[in-house]
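Everything on this sheet refers to the single structure shown next.
The values are calculated or read from the model by the stated rules, or taken from the named source; none is laboratory data. In this text, all values refer to a predicted model and were calculated from it rather than measured experimentally. Cβ placement follows ideal geometry from the backbone for every residue including glycine, while neighbour counts extend to all protein chains displayed. Areas reflect the complete protein model, heavy atoms only, side chains present, ligands, DNA and RNA absent. Shrake-Rupley method; radii C 1.70, N 1.55, O 1.52, S 1.80 Å.
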Amino acid sequence: MKIGIDIDGVILNFEGELRVQAELYDVINLKRNSIVDKKETFFQEKYNWSEQEINDFIAKQFLKVSRECEFMPGAIEVINMLKNEGNELVIISSRGGHIKEMKDVAEQRLKQKGLKFDKYFFVAKDKAKICIEENIDIMIDDYYKTCRSLSENNIKTLYFRAYPNYELEENEYLKEVHNWGEIYRYIHEIGGNNAR
C-alpha cells in the first residue's frame with residue numbers, strides 16, 4: 001500500500017505546541033483576547049491578528065517549535081511497523097512554505113529517529129493533486145480543509161483529529177482517527193501490506 005503522511009500535527013506535535021505558543025503570544029505579547037474562531041487549526045485564521053503580528057509570531061516561534069516539539073505518541077513505532085510490513089511511505093507536507101529551513105529540520109528529526117520514507121514532497125500546496133499523481137492509496141492529514149479536498153477527490157483519507165477542530169462527516173473516502181493506534185488498525189482493516 002502507498003501511504004501519504006503529513007508531518008505537522010500527524011508525525012510531529014508541531015500543531016499542538018504552536019497552539020500553546022499562540023495562546024501565550026496573544027495573552028502575554030498582545031495583551032488581549034484575539035480569538036475569532038476557537039475550532040480553527042491555523043492561528044492565522046483563529047486570531048484577529050494583524051499581518052505584522054502574524055509575521056512576528058512566525059519569526060519567533062516556527063523554527064523554535066519545529067526543533068523542540070515532541071513526536072506524536074505512537075508515530076515512530078507505527079511508521080516503522082508500516083515500513084517493515086512493505087508499505088511505501090510518502091511525506092506530503094506544506095512544511096517549508098513560511099520558513100524554508102523548517103524542511104531541513106523535519107528531515108533531520110525524522111532521520112535521527114530512523115524513520116524512512118520513499119519520497120518527500122515539501123511546500124505541498126495541492127495535496128490532492130500530489131496524491132493523484134503519486135497513486136497514493138491513503139493519505140493521513142490533520143487539517144480539515146485538506147482532508148475535505150482529498151476525500152472530494154476520491155482519495156481515501158484519514159483525518160487525524162487529535163485536537164478540537166472542525167468535525168467532518170465520514171464517508172467511504174474519509175475516516176476520522178485520533179491516534180496512531182487507530183491509524184494502524186484502519187490500514188490493516190482495509191488490507192494494508194502483510195496485515196496480521
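Observations, loosely collected:
- Pair list, Cβ under 9 Å, 6 or more apart: region 62-83 residue within 15 Å of Lys111 (Cα to Cα), other residue among the basic types (Lys, Arg) and buried (at least 19 other Cβ atoms within 10 Å of the Cβ): Ser66/Arg95
- The set of residues from region 165-187 being modelled with pLDDT of 95 or more, assigned to a loop (DSSP other than H, G, I, E, B) and either buried (at least 17 other Cβ atoms within 10 Å of the Cβ) or touching a Lys or Arg at 6+ places or on another chain (Cβ under 9 Å) (or both) comprises Glu172, Tyr173, His178.
- The set of residues from region 147-156 being open to solvent by 80 Å² or more (accessible area, probe 1.4 Å), part of a loop (DSSP other than H, G, I, E, B) and of a type in the set (D, E, K, R) is empty.
- Within region 147-159, residues that are modelled with pLDDT under 95 reach no partner that is in a helix (DSSP H, G or I) with beta carbons closer than 6 Å at six or more positions or on different chains.
- Counted residues, region 27-52 - those being under 17 Å from Tyr163 (Cβ atoms) and in a helix (DSSP H, G or I): 4
- Any hit, region 83-98, residues being of a type in the set (Val, Ile, Thr), open to solvent by 40 Å² or more (accessible area, probe 1.4 Å), closer than 12 Å to Asp6 by Cα and under 14 Å from the mean Cα position of the chain (by Cα): no
- Residue in region 102-117 that is of a type in the set (Phe, Trp, Tyr) and either free of Cβ contacts under 8 Å to residues at least 40 places away in the same chain or open to solvent by less than 10 Å² (accessible area, probe 1.4 Å) (or both) present: no
- Region 1-51, residues that are free of Cβ contacts under 8 Å to residues at least 40 places away in the same chain and touching a Lys or Arg at 6+ places or on another chain (Cβ under 6 Å): Asp37
- The residues of region 130-146 that are open to solvent by 10 Å² or more (accessible area, probe 1.4 Å), in contact (Cβ under 8 Å) with a residue 24 or more places away in the chain, farther than 15 Å from Tyr163 by Cα and in a helix (DSSP H, G or I), listed by number, are Ile130, Thr146.
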